[in-house]
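The block underneath contains the structure these notes are about, expressed in structure tokens.
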2 protein chains.
Amino acid sequence: MTSDTTAYATETEFATDWLSGAGLRPTRQRLALAELLIGDGQHRHVTAESLFEAAKAKGAAVSLATVYNTLRAFCEAGVLHEITVDGSKSYFDTNTHDHPHFYWEDEGRLSDAPADQLQINCLPEIPDGAEIAAVEVVIRLRRKR
Amino acid sequence: MTSDTTAYATETEFATDWLSGAGLRPTRQRLALAELLIGDGQHRHVTAESLFEAAKAKGAAVSLATVYNTLRAFCEAGVLHEITVDGSKSYFDTNTHDHPHFYWEDEGRLSDAPADQLQINCLPEIPDGAEIAAVEVVIRLRRKR
DNA sequence: TTAACTGCAAAGGGTTTGCAAGCAC
DNA sequence: GTGCTTGCAAACCCTTTGCAGTTAA
């Protein structure tokens, strides 16, 4: 485990606290998914499908519908961030702070871009009566030909 | 018409040239859609549905499938840019240069953000063997409560 | 004439939902 | 017990596609 989780004896304990902190019942399914998401204290970018596969691989019986419902519940609780890059699928990020992403067009993979290297000096002026909900920066990458 | 189109006698003529410049046959349907998109020389952000409705309102008979096919053809020809903001639908921008957008969460509307006010000083270092395909910046706005 | 385009309806992919059965509290 | 969760299947939304008919060159 990393420094983030050293206070916890087990990943399950860590995940349980993460869930209750979000006001969500620690059901068997949610615990399994939460452990996959934040068990090792690392940030992760998953799709519903990839998390579903990971759960299956781990031997956790969770239906795909529950993965969707759970990801949505986590987002609404504010412990997960949804990112839409390509039309079809959604990615979910365990890092809920505004930060830039790399999107690997060839693989359809999303990863963090080092935030400290992105400097936005001055945002466009926000129209009156509006406020910024989020600033999404996605740097699309392709293999150099 | 704006300065962009003053060399043309009609919007149709302008649209015809825009199409042939993109290597696309100026069919009745494409002309109608092209006129709606760039007829007045202004930049526009549309969805397939909104363009379909606009065409109907104008009295142009175009099927929804053709709107989709046409928007895709315009994108592939490089005269339109696709932007995915919220999971489901795609927006199409007549301004094909990389520039930041405002996304109005309450209305689901996309508009240009003044590009000259956004200064990205230094992009995160790009991994070896990769190159930047595009940098998408979407500033999500919500009504101030 | 011929290849490209259109339109309908049907299929597609990702996501959500209705509802009965199952849990956490 | 009571209300939130789960799971299955069906529904959903946006988008694409197969194919027969139409049209630009």
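The 3J(HN,Hα) values that the Karplus relation (6.51, -1.76, 1.60; θ = phi - 60°) gives for region A:78-86 are, in residue order, x, 9, 9, 10, 8, 10, 9, 10, 9 Hz. Gly and Pro appear as x.
Across identical copies of the chain, A:R28 has label-point separations of 6.3 nm, listed in ascending order, with the point defined 7 angstrom from Cα along Cα→Cβ. Between amide H atoms placed 1.01 Å from N, distances below 5 Å from A:D112 occur with A:F102, all of them 5 or more places distant or on a separate chain. In this label model, B:D86 and A:K89 are separated by 2.3 nm, measuring between points 7 Å along each Cα→Cβ vector. Against the longest principal axis of chain A, how steep is helix A:28-38, in degrees 0 to 90 to the nearest 10, with axes from Cα atoms? Between the helix axis and the principal axis of chain A, the angle is about 40 degrees. Once backbone amide H atoms are built at 1.01 Å from N, B:A130 has A:K144 as its partners under 5 Å, excluding neighbours fewer than 5 places away on the same chain. Once the Cα atoms are used to define both axes, helix A:11-21 deviates from the longest principal axis of chain A by about 60 degrees. Does region A:5-92 come out rounded, prolate or oblate by the C-alpha gyration tensor, with a ≥ b ≥ c the root eigenvalues, rounded set by a/c under 1.5 and, if not, prolate when a/b is larger than b/c and oblate if not? Prolate, since a/c reaches 1.5 and a/b exceeds b/c. Test of understanding: extend the Cα→C-beta vector of B:R28 to 7 Å, then name every residue of region B:62-82 with backbone N under 14 Å from that spot. Taking a point 7 Å out along Cα→Cβ of B:R28, the residues of region B:62-82 whose backbone N falls under 14 Å are B:62-63. Backbone phi angles across region A:126-138, fed through the Karplus curve with coefficients 6.51, -1.76 and 1.60 (θ = phi - 60°), yield HN-Hα couplings of 7, x, 4, x, 10, 9, 6, 8, 6, 10, 9, 10, 10 Hz in residue order; Gly and Pro are listed as x.
Hey, with R₀ at 35 Å, roughly what FRET efficiency would B:T96 and A:R72 work out to, going by the Cβ-Cβ distance, to 0.05?
Values: r = 34 Å, r/R0 = 0.98.
Once rounded, the FRET efficiency stands at 0.55.
Note on B:E131 and B:E105: their simple-model spin labels are 3.7 nm apart, each label 7 Å out from Cα toward Cβ. Label-point spacing at B:E131 relative to the other copies reads 4.3 nm, in ascending order, each point sitting 7 Å out from Cα along Cα→Cβ. Placing +1 on the Cβ of every Lys and Arg and -1 on the Cβ of every Asp and Glu, with no other charges, gives region A:5-92 a dipole of roughly 240 debye about its Cα centre.
Using the Cα gyration tensor of the protein assembly as shown, with a ≥ b ≥ c the square roots of its eigenvalues, what is the shape: rounded (a/c below 1.5), prolate (a/b larger than b/c) or oblate (neither)? Verdict is prolate for the protein assembly as shown.
Copy-to-copy label distances for A:P114, where each label lies 7 Å from Cα along Cα-to-Cβ, are 3.3 nm in order of increasing length. Here the protein assembly as shown is treated with +1 on each Lys and Arg Cβ and -1 on each Asp and Glu Cβ, and its dipole about the Cα centre works out to around 1000 debye.
Where a number appears in this text, it was derived from the coordinates with a stated rule and is not lab data. Small disclaimer: the values here were computed from a predicted structure and weren't measured. Neighbour counts run over all protein chains shown; Cβ positions are idealised from the backbone, glycine included.
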